[in-house]
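Take a look at the structure below.
The values are calculated or read from the model by the stated rules, or taken from the named source; none is laboratory data. Keep in mind it's a predicted model, so treat the numbers as computed, not measured. As a convention, Cβ positions derive from the backbone with ideal geometry for all residues, glycine included, and neighbour counts pool all protein chains shown.
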Amino acid sequence: MHILVWIGTNWQLTDNADPQQALVISVICAIPISLLAFYGTRIGYSQFGSVWSIRLIVFGISYITFPLLTWVLLHESPFNTKTMLCIGLSFLIILIQLFGSDN
């Protein structure tokens, strides 16, 4: 889902992107993104029993996906202190949600 979100919103910024084509790609991505989010939420809620857990896991995954795709496709390096700390915190958020106790 996050790969499609990145493509739908940032493809317009890639080298030699046609603005009309990028808009069409964004519109085409909208339905699969919505379906993936809908069913992902349903599955996540049945697994974790908490919308907060789902939200934080999804946030962490998005912050791992975004820097990677931005680095590869837009040639913007994530290798600076601020971005690397945020990526590390995203991994930590995911681990806490997956293995932490709710007590």
key: Total residues in the stretch 31-60, condition exposed (fewer than 13 other Cβ atoms within 10 Å of the Cβ) and either of a type outside the set (A, V, I, L, M) or over 17 Å from Gln97 (Cα atoms) (or both)   = 11
task = Answer yes or no: is there a residue in the stretch 67-86 that is surrounded by 11 or more Cβ atoms within 10 Å (Cβ to Cβ) and among the small types (Gly, Ala, Ser).
result = no
query = If you go through the stretch 1-19, how many residues are at pLDDT 95 or above and part of a helix (DSSP H, G or I)?
reply = 12
task = Provide a single number: the residues in the stretch 68-82 that are closer than 15 Å to Trp6 by Cα and either acidic (Asp, Glu) or assigned to a helix (DSSP H, G or I) (or both).
result = 8
key: One residue from Ser101, Ser90 being of a type in the set (Gly, Ala, Ser) and surrounded by 14 or more Cβ atoms within 10 Å (Cβ to Cβ)   = Ser90
